[in-house]
Structure formats: C-alpha cells, structure tokens
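The values are calculated or read from the model by the stated rules, or taken from the named source; none is laboratory data. Every value quoted in this text rests on a predicted model; they were computed, and no experiment measured them. Glycine gets a Cβ as well: all are built from the backbone with ideal geometry, and neighbour counts include every protein chain shown.
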Amino acid sequence: MDIIIIEDEPITAEDLREIIIQVNPQSNVVKILSSVKEAISYLKANPTVDLIFSDIQLGDGLSFEIYQQVDVKAPIVFCTAYDEYALTAFRTNGIHYILKPFNEVMIQEALTKFHSLKSTFSLDSQALLQLMQTLTRAPQEKSTSILVYQREKVIPVKIKDIALFYIKNEVCHLHTFDQKNYLVNKSLDEIQQIVGNDFYRANRQFIINRDAIKEASSYLARKVNIILNIPFNESIMVSKEKMSDFYVWLTGE
C-alpha cells in the first residue's frame, strides 16, 4: 500500500511515518511533502497513490487548496491540531480526522477504517468514485453574518456586505462596501471556513469578495495586482503560483 504524507513539520512527519510502518508493516510511505505547492506538483505528476495522510494548516496555505487544484482519487486521513476544519475535510475525500498529538491507536483506527472501506468498495470502482463525488458536492452550510465588536456593542455584519478581510498590525479587520471598518475576533484561516466561495484568499493578508473586484492586472509578469471598486489604500497581490486558480475563481466557476 503506497502512502504519502503531507506535513510541514519534519519531526511530526517522521513520527507519523514511523507509526504507520509500525502498525502496518506492509505500508510504503513513498513521499513526504511539506507544502501546498510541493503537493500539487507531486500529485499532478504522480496521481496513483492508495492513501494520503494530510495536515491542514501548511506553511503556504490550507491543504484544501491541493484538493481543489488536483483531482485526487485517493482517500485522505486528515491530521491536524484544530477541529474547526472537520466539516470541510469530510467534503473532500476525507475518510478520517485525527487531532494532534496523534498516537499509535489513532493511526491504527485510521488504517483499519481505510481497509474496511477498501474491502467494501474497490478503490478503483465506479461506486466509490460516485460516493466521493456525492460527498464533495454536498451543499456547504455557511453563516450569513459575522459578529464584530465596537466599544461595548456586538454588531452582526452580513457577509454579503463585506468587501474584504485583512490583517493589519497582526489584527484582523473587515471592510464593508459602504466604507465601514471593524475589528474581527477571528483569524483569516477561521474566516476562510465561514465565508464560502464568494471570497478568495489572495494571500496571507487578504480575503476578498468577488463583488469587490474592479479589475486584475499582471504585475511584473510575476503577480496579479487586484484593484477594488471601493476606496482602499493597500495593495493586494496574488502570487504567480495562484494566478490560474484565482482567475478560475474570478469567473465564478
């Protein structure tokens, strides 16, 4: 059984590899990948793998970006320190969700579940592919408002009225279409799980609403410069690696 590990902490990745081999000596960990970019490149070139153990928060983004850009057929066991991503994980090819720190029992449970599914469905069968596609297409529940705090008030702001979220001085803000600005007691990673597909994570600093974009232009042939249709003084750039994904999202596909 060929397995790949997607994990940006080398010690954690090696611990996971050793436990997998210990509890299932027939397993072959063929590759350890440490970033979204590296995993996308590898999986595009090597699509045939039996099982993936995947962290969620990687150094260059969330691992969900991998499975949005690559048609991964293999089941995925997600290993993360955060439980907030569980729903999204199971809407990809997720079959199991392990909270760090993991141990032998947890890994054994994940492998047992994998083998149980494998005995029920051939992993190459149309039945399993249809099951995975059905889970992936499941409608995503999302909030309609975000609570913000202003002095002693708690104010609900409708997500459709928000032009963008951004980090400034290590604090998260939201900026509305009618030029109101509020502090948000959440990280951009948390917000990304709430707002849905009408918003895009341009980089580590910005999440933008599709309706807030006036135009996008090439910047030194290496990045995309996003111009908003509202007054906003900060530059918003999308990296070369994310350009194609950004343009697909911008079309609303």
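Structure notes:
- The criterion of at least 2 residues that are under 22 Å from Thr144 (Cβ atoms) is met by the following strands (runs of 3 or more DSSP E) wholly inside region 154-253: 162-168, 171-176, 181-183, 199-201, 206-209.
- Any pair with Cβ under 9 angstrom, 6 or more apart, that starts in region 228-253 at a residue that is farther than 23 Å from Val36 by Cα and ends at one that is among the polar types (S, T, N, Q) and surrounded by fewer than 13 Cβ atoms within 10 Å (Cβ to Cβ): Ile230/Gln179; Pro231/Gln179
- Each residue in region 183-199 was checked for being in contact with a Leu (Cβ under 9 Å, 6 or more places away or on another chain) and either buried (at least 19 other Cβ atoms within 10 Å of the Cβ) or within 14 Å of Gln57 (Cβ to Cβ) (or both), and 6 pass.
- Residue within region 207-218 that is modelled with pLDDT under 90, of a type outside the set (Ser, Thr, Tyr), in contact with a helix residue (DSSP H, G or I) (Cβ under 9 Å, 6 or more places away or on another chain) and surrounded by 14 or more Cβ atoms within 10 Å (Cβ to Cβ) present: yes
- Inside region 17-39, residues that are of a type outside the set (Val, Ile, Thr), farther than 9 Å from Ile5 by Cβ and part of a strand (DSSP E or B) make up a count of 1.
- Scanning region 148-181 for residues that are in contact with a His (Cβ under 9 Å, 6 or more places away or on another chain) and exposed (fewer than 15 other Cβ atoms within 10 Å of the Cβ) returns a single hit, Asn181.
- Within region 169-183, being of a type in the set (Val, Ile, Thr) and closer than 15 Å to Asn229 by Cα holds for one residue alone: Thr176.
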